[in-house]
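Notes follow the structure.
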């Protein structure tokens, strides 16, 4: 887990924390093995992942990384979670 949030994560956390968004409780950097999710709402089974500076500007341009994100998406859907990138 990272101790410092990216700019995008910090901004999103300001919108989600303390039930500010639709009175839903979100957790930050929640672990669902083998992944660490940026944001997770257990109540509605929603996962939010943000592309931040830790990935670099062309993170999704490579086939390897696109495949990795597809793998996460498939895994989370299989366990009944909604995934948004």
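On the beta carbon distance between residue 77 and residue 8, with R0 = 22 Å, the FRET formula returns roughly 0.40. Ordering 22, 69, 12 by the number of other Cβ atoms within 10 Å of each residue's own Cβ, fewest first, gives 22, 69, 12.
Taking label positions 7 Å along the Cα-Cβ direction at both residue 68 and residue 28, the computed distance is 2.2 nm, reported to one decimal.
Subtracting the Cα-Cα distance of residue 44 and residue 17 from 0.36 nm times their residue separation leaves 8.2 nm of extension gain.
Read the figures in this text as sums done on the coordinates, not as results from a lab. This structure is a prediction, so every number in the text was calculated from the model and none was measured. As a convention, Cβ positions derive from the backbone with ideal geometry for all residues, glycine included, and neighbour counts pool all protein chains shown.
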